[in-house]
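Only one structure is covered here, and it is reproduced in the block below.
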Amino acid sequence: MKARIHVFLKDGVFDPQGNTVAGSLQSMGFKKVKGIRMGKVIDLELANETQDEARREVQKMCEQLLVNSVIESYKLEILA
Amino acid sequence: MKAGVVTFPGSNCDEDLAYALSLSGFEVSSLWHKDSPDLSEFKLVVLPGGFSYGDYLRTGAMAAVSPIMQSVKQFAGQGGLVLGICNGLQILCEAGLLPGALVRNNSLKFICKDVALNVEDTNNPWTSHLKKNDTLIYPIAHGDGRYVTDEPSYNAMKEKGQILLTYKNNPNGSAHDIAGLCNETKNVFGLMPHPERATDLRSQDGKKIWSSILNSLKEKSA
């Protein structure tokens, strides 16, 4: 079973990387770009038997290590 | 006075710290990240600068869950003095021993230079022998030094005297210019600048922090 976690800086935490890339796109002529937030994707391969169990365990991993809730938010997908 | 300096894989200021602490009169032992010993023989435990575990995932994230940190948390819980410098501060925040978090500098650049710091509070073991609004010159060397916290937490920290050092010219975009902060009980202190690199070369302002700590410990045991 596979799981995918999308991690982003919370709204309100300045993302200089996204800001810089947005500036480049705008200067290239992509004037409709209003803003960019860049995050990261973490793919996990799991030996769990059920999706529910996998979801519960990955949530624990996010809380304990993979995500820092002070500055980041995340979205978890369980991929069959 | 016995001090322990932790070495994580990727720590690179541990030897400098041991040297600076020895010069200042501490008897220094080194501690290994994979061990989780009883630390009660120590008066001070220090987490050094560097790039622990390659700074993968987030700075300090993996060091914060390493075996030695169980001992450090227990030591801090019993009121022991814990100091984190640079990566050490990042680890203390990740471990939940200090509030807030450190993220990439606003400029996206690694900044290595001397900075001027303002002493904000002296009612604690770390800056007790300084005066409010004293200036300290310490080097910084970091890519992820921007301190982030929300306004309610900032106001609470400010009111409780937890903000000890601020930058005079904010180099990295830190919230409210914060360069060094302590916990509510004031026995855990972390700062991004490097006092151990300002102990016997150029600026010697690092000595002011070491002597504050030593004197506070002596007063406590007297």
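The values are calculated or read from the model by the stated rules, or taken from the named source; none is laboratory data. If you're wondering where the values come from, they're calculated on a predicted model, not measured in any experiment. Don't worry about glycine lacking a Cβ; one is built from the backbone with ideal geometry, like all the others, and counts go over all protein chains shown. Each accessible area value is taken on the protein alone, full model and side chains, heavy atoms only, with ligands, DNA and RNA left out. Shrake-Rupley method; radii C 1.70, N 1.55, O 1.52, S 1.80 Å.
Based on this model, can you work out whether A:K2 counts as at pLDDT 95 or above, over 23 Å from B:L98 (Cβ atoms) and in contact with an Asp or Glu (Cβ under 8 Å, 6 or more places away or on another chain)? Spelling it out, A:K2 is indeed at pLDDT 95 or above, over 23 Å from B:L98 (Cβ atoms) and in contact with an Asp or Glu (Cβ under 8 Å, 6 or more places away or on another chain). Which of the residues that make up region B:132-145 are open to solvent by 10 Å² or more (accessible area, probe 1.4 Å) and within 17 Å of the chain's Cα centre (by Cα)? The answer is B:I137, B:P139, B:A141, B:G143, B:D144. The strands (runs of 3 or more DSSP E) found entirely in region B:108-162 that carry 3 or more residues being within 13 Å of chain A (Cβ to nearest Cβ) are B:146-148.
Residue count for region A:8-40 under the criterion of being exposed (fewer than 10 other Cβ atoms within 10 Å of the Cβ) and within 14 Å of chain B (Cβ to nearest Cβ): the result is 2. Of B:G100, B:G88, B:G80, all but one fail to be within 13 Å of the chain's Cα centre (by Cα), in contact (Cβ under 8 Å) with a residue 60 or more places away in the chain and open to solvent by less than 60 Å² (accessible area, probe 1.4 Å); the exception is B:G88. I'm checking my understanding of the structure. Among residues of region B:107-131 that are over 23 Å from B:C182 (Cα atoms) and either of a type outside the set (D, E, K, R) or in contact with a strand residue (DSSP E or B) (Cβ under 8 Å, 6 or more places away or on another chain) (or both), which one is surrounded by the most Cβ atoms within 10 Å (Cβ to Cβ)? Of everything passing the filter in region B:107-131, B:I111 is surrounded by the most Cβ atoms within 10 Å (Cβ to Cβ). When we screen B:Y138, B:Y147 for residues that are of a type in the set (S, T, Y), in contact with an Asp or Glu (Cβ under 8 Å, 6 or more places away or on another chain) and modelled with pLDDT of 95 or more, the only hit is B:Y138. Residues in region A:44-73 that are within 14 Å of chain B (Cβ to nearest Cβ), closer than 16 Å to A:A3 by Cβ and loosely packed, with under 13 Cβ neighbours inside 10 Å: A:K60, A:E63, A:Q64.
Quick test for you: out of B:R197, B:R202, pick the one residue that is surrounded by fewer than 23 Cβ atoms within 10 Å (Cβ to Cβ) and either free of Cβ contacts under 8 Å to residues at least 24 places away in the same chain or out of contact with any Lys or Arg (no Cβ under 9 Å at 6 or more places or on another chain) (or both). It is B:R202. Scanning region B:165-206 for residues that are aliphatic (A, V, I, L, M) and not in a loop (DSSP other than H, G, I, E, B) yields B:L165, B:A175, B:I178, B:A179, B:L181, B:V188, B:L191, B:A198. If you check B:L165, B:L181 for being within 14 Å of chain A (Cβ to nearest Cβ) and out of contact with any helix residue (DSSP H, G or I) (no Cβ under 6 Å at 6 or more places or on another chain), only one passes: B:L181. Within region B:132-147, residues that are in contact (Cβ under 8 Å) with a residue 12 or more places away in the chain and among the aliphatic types (A, V, I, L, M) reach partners that are crowded, with 17+ Cβ neighbours inside 10 Å and assigned to a strand (DSSP E or B) with beta carbons closer than 7 Å, at six or more positions or on different chains, in the pairs B:L136/B:L117; B:L136/B:V119; B:I140/B:V115.
Scanning region B:177-186 for residues that are closer than 15 Å to B:S128 by Cα and open to solvent by 10 Å² or more (accessible area, probe 1.4 Å) yields B:T185, B:K186. How many residues are under 24 Å from B:E41 (Cβ atoms), of a type outside the set (G, A, S) and more than 14 Å from chain A (Cβ to nearest Cβ) if we restrict to region B:74-96? Residues flagged as under 24 Å from B:E41 (Cβ atoms), of a type outside the set (G, A, S) and more than 14 Å from chain A (Cβ to nearest Cβ) within region B:74-96 amount to 7.
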